[in-house]
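Written below as structure tokens is the structure these notes are about.
FYI, it's all coordinate maths here, none of it is from the lab. Owing to the predicted nature of the structure, the values given are computational and were not obtained by experimental measurement. Cβ atoms come from the backbone with ideal geometry, glycine included; neighbour counts cover every protein chain shown.
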Amino acid sequence: MNILVTGGAGYIGSHTCVALIEAGHTVIVADNLCNSKADTIDKIKQITNGKIIFYKIDVTDEIAVNTIFATHQIDGIIHFAGLKAVGESIEKPLEYYYNNLISTMILCKACQKYGVKKIVFSSSATVYGNNVVPFKETMELLPTTNPYGETKAMSERIITDIVKVNPYMSAALLRYFNPVGAHESGLIGEAPNGTPNNLMPYITKVAKGQLEKLYVFGNDYPTVDGTGVRDYIHVMDLAEGHVAALNCISEGVHIYNLGTGQGTSVLQLVKVFEKANATEVPYEIINRRPGDIAECYANVSKAAKELGWKAKRGIVEMCRDAWIFEKYSELSKESDIEVAATKER
Ligand code: NAD
Ligand code: UFG
């Protein structure tokens, strides 16, 4: 299939491009590079030895989006493009509502106009709010505490309504849990701008000595050791989940949790990281982060049953691959990164 991947230069998008190309699809990326770099596209080519078509466009620009649909026969889209920082969304709500919702509407409009059959959307476990774990797709969505979460719930609703009136279309709304890790080549991974907000990239910066210590947000949650529990999933497993969804969906809207079903606490993750990489991650316990929930993990039986997809990589691989990517990310020559990553493994 010819697949349009919006946000394909980003963290999850780039790994999904690799999985799509390896599965034999033709990939067309649309990304404005507001949170990514153009050289990621070259790295995807290098990993796959494949071809990729790249448009540097903003997907809130309807004319630019339509040009892509008019130029290529698009069979399906995977819509990753969006702003994703929860805290920033509270400070800049309009930017989040505008970017994340207008992009979804413009893409849906183009899919309708050009008769595109398959839509895959990046949603988030954040739409479950404070439901009781493990989260199941059938649960009622609870209001989130931030505009980012609202844009995910609203985009799910927009896509659902569009598919209802276009019976030839099908959609997969994929609710991701906590993606971590990197492609095993060490060439692509998560490279947030500035100080990371998320746990794994923060840990790798501490391990590298670029940040002094990890601040653990609270140890008084009702969890195994008092620290927050999340369902970490290797980004390549997540990427493969998209390929499975694209292949399997037909008719209607299908919602899938993409996680492992396993909860890991902050301190458990730190311990596994230290052991897997023979390194140290000093930490200090501080207050809870406002808006955080105690536990977030998935019931993954629906994706296993209907998509035949299950996460294969464990927490040790997630820690190892995140570390390899971070460690060698300053090497400028791609061949040096590959040699270093291969030796490490
Ligand atoms: P990312 O920031 O690395 O990737 C998003 C990409 O979209 C970037 O390359 C950015 O340049 C691009 N982009 C943003 N707005 C755009 C626009 N208007 N036009 C064109 N390109 C635009 O983020 P990610 O972690 O890869 O997340 C991808 C998707 O998955 C997002 O929609 C995010 O909300 C969702 N998601 C992420 C997580 C997570 O923890 N990473 C969890 C749940 C859901
Ligand atoms: N944490 C720390 N210290 C840090 C960063 C995080 O202790 O420096 C803790 C958090 O309190 C939480 C856990 O580590 O218990 C994971 O936090 P992250 O920020 O890595 O991830 P979240 O679960 O808060 O949120 C992520 C994405 C959201 C997405 C959600 C879906 O950032 O966009 O997963 O489950 F919606």
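Some points to look at:
- Computed from point charges on the beta carbon alone (+1 for Lys and Arg, -1 for Asp and Glu), the dipole magnitude for the chain about its Cα centre is near 500 Debye.
- Ranked H183, H234, H25, criterion: other C-beta atoms within 10 Å, fewest first: H25, H183, H234
- Take every Cα pair under 8 Å whose residues are at least 6 apart in sequence, average their separation, divide by the length of the chain, and the relative contact order is 18 percent.
- Beta bridges by DSSP in the chain, antiparallel share as percent, to the nearest 5: 5 percent
- Think of the chain as a dipole: +1 on every Lys or Arg Cβ, -1 on every Asp or Glu Cβ, centred on the Cα centre; then among P196, A9, S265, A9 lies furthest on the positive end.
- K164/K56 FRET efficiency (R0 30 Å; Cβ-Cβ; nearest 0.05): 0.35
- Loop-located GluC sites (Glu not before Pro) in the range 130-209, at most 14 other Cβ atoms within 10 Å (DSSP): E140
- Between I63 and M154, the simple spin-label model (points 7 angstrom out along Cα→Cβ) gives 2.6 nm.
- Members of K109/K302; K205/K271; K43/K208; K37/K118; K208/K275 lying beyond 20 Å, as alpha-carbon distances in this model show: K109/K302; K43/K208; K37/K118
- Values of log10 I(q)/I(0), in the order q = 0.12, 0.15 Å⁻¹, for the chain under a Debye, Cα-only, solvent-free model: -0.84, -1.36
- Theoretical gain in end-to-end length, K213 to T195 [0.36 nm per residue, Cα-Cα removed]: 5.2 nm
- Going by neighbour counts of Cβ atoms within 10 Å, the residues C34, C248, C108 line up, fewest first, as C34, C248, C108.
- Placing +1 on the Cβ of every Lys and Arg and -1 on the Cβ of every Asp and Glu, with nothing else charged, gives the range 106-173 a dipole about its Cα centre of roughly 360 debye.
- Centre separation in Å (Cα based) which lies between the range 103-180 and the range 286-314: 17 Å
- By the helix-only formula, in which each DSSP H run with n ≥ 4 contributes -39500 (n - 2.57) and the sum is divided by residues, the chain has a 222 nm mean residue ellipticity of -12000 deg cm²/dmol.
- Under the combined filter of DSSP loop state and at most 13 neighbouring Cβ atoms within 10 Å, the range 207-251 retains these GluC sites (Glu not before Pro): E212, E251.
- Cross-link reach list, aspartates and glutamates versus K117, counting only Cα pairs under 12 Å and skipping chain neighbours closer than eight places: D75, E251
- A dipole drawn for the chain from +1 and -1 charges on Cβ atoms has a positive end, and of W323, S301, F54 the residue lying farthest that way is S301.
- Counting only the Cα atoms, the range 1-146 fills a convex hull of 127 Å³ per residue.
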